[in-house]
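The values are calculated or read from the model by the stated rules, or taken from the named source; none is laboratory data. Since the model is a prediction, treat every value here as computed from it, not as a measurement. Cβ placement follows ideal geometry from the backbone for every residue including glycine, while neighbour counts extend to all protein chains displayed. Just so you know, the surface numbers come from the protein's heavy atoms only, side chains and all, with ligands and any DNA or RNA stripped out. Shrake-Rupley method; radii C 1.70, N 1.55, O 1.52, S 1.80 Å.
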Amino acid sequence: MPWFPEFTSAVELARLQTREAGHADPVGHYVAALNKKDATDLETAWPGEVVIYDPRAGEVRGHRHVREFVSRNELWLAGMNRRTETVASTAADGKAVVELVVHLTQDGREVAWPVAVVAESHDDRRMVFRTYCSQWPLIGRHEVRPPILWSGPTSPGGIVGQFQDAVEAGDTDAVLRAFEPDGYFREPIGPQYTHRGPGELRSYFTECFSAGGGVVRQWCGVTDDGVRCAVEYNAVRWGRYDLPPQAGVAVHERGPDGRLAAVRVYDDVAAPAGRHLPGPATAILTGAAGLYR
């Protein structure tokens, strides 16, 4: 799964937030020491705590476990011709959300793998990374991702809130009204599963809501820089079916007219047992807005 050194761009944004708040800046030293894989440097450079929440490894806490996590991932990625493309970055209130597409060669096939990393640092003693992605592009199946954060009263407002309300209500017309004419929705399983414009969006969401309604999510945190709004959540219901609560993040990008230019989702939600959506594009539920492969 995602590897710690690729979090550098998220670290830089979180460091900027921390510096602006008047805090010390040991994070850069930590990342440099980690990239050198030198245990002495690690203990000297970072007196505080690093915690990583990874879809595969779970919770990784402390220097020794972080080093082991990095080593395992580097071994796993060896020979895959890894190339990372940054899609967008959002920073506010001590948090940074960096969206990536990781290009890999796996068993002779090219894979484009969307990954989002949330980095949070409110002081100079603690750095938290939360990685969100679907495992479908790599292993051909979904894995239930337990909640990372508790749900709270935080809720996005404006056009983001309107879109989320429409998704929860299963209201396709309201969903379309939230998008710009050329706006798009991208599924967690890859850039090739992008639905752009009213026709594609209507077809997609109509099929998504055919399970008896929309998708219900509990809001856990919002990172909003005025252009992009990233919402961390736990998906708990799809149509008539309860889901085991599962963690994800959706990034909503506003266009010039204030409506949505893009929504990109990072989760690994699978359809409820026994439920099969019609159509080849929606065989298995996966995505914050009921999208599915």
Exercise for the section: State yes or no: is Glu143 open to solvent by 10 Å² or more (accessible area, probe 1.4 Å) and under 16 Å from the mean Cα position of the chain (by Cα)? Expected result: yes
Problem - Residue count for region 173-196, restricted to those that are assigned to a helix (DSSP H, G or I) and either open to solvent by less than 10 Å² (accessible area, probe 1.4 Å) or of a type in the set (A, V, I, L, M) (or both) - result: 4
Exercise for the section: Would you mind stating whether Gly255 is open to solvent by less than 20 Å² (accessible area, probe 1.4 Å) and among the small types (Gly, Ala, Ser)? Expected result: yes
Fill in the blank from the handout: Result of the Cβ filter at 7 Å on region 112-127, keeping first residues that are of a type in the set (Asp, Glu) and open to solvent by 10 Å² or more (accessible area, probe 1.4 Å) and partners that are at pLDDT 75 or above and part of a strand (DSSP E or B), at least 6 apart or interchain, is Glu120/Lys95; Glu120/Val128
Handout entry: Failed item in (1) of a type in the set (Val, Ile, Thr); (2) more than 12 Å from the chain's Cα centre (by Cα); (3) surrounded by fewer than 23 Cβ atoms within 10 Å (Cβ to Cβ), with Val101 passing the rest
Key = (2)
Practice task
Could you check how many residues of region 222-255 are under 14 Å from the mean Cα position of the chain (by Cα) and of a type in the set (Ser, Thr, Tyr)?
Solution key: 2
Practice task
May I ask you to list the residues in region 228-243 that are in contact with a Ser or Thr (Cβ under 8 Å, 6 or more places away or on another chain) and open to solvent by 40 Å² or more (accessible area, probe 1.4 Å)?
Solution key: Arg228
Problem - Tally, over region 75-91, of residues that are open to solvent by less than 60 Å² (accessible area, probe 1.4 Å) and modelled with pLDDT under 85 - result: 3
Handout entry: Which numbered condition Gly221 misses (of (1) in contact with a Lys or Arg (Cβ under 9 Å, 6 or more places away or on another chain); (2) without any contact (Cβ under 8 Å) to a residue 40 or more places away in the chain)
Key = (2)
Practice task
Return the pairs, sorted by first residue and then second, in which the second residue is surrounded by 12 or more Cβ atoms within 10 Å (Cβ to Cβ), the first residue lies in region 153-164 and is at positive phi, the beta carbons are less than 9 Å apart, and the residues are 6+ apart or on different chains.
Solution key: Gly158/Cys229; Gly158/Arg254
Problem - Verdict on Arg109 being farther than 17 Å from Pro188 by Cβ and loosely packed, with under 14 Cβ neighbours inside 10 Å - result: yes
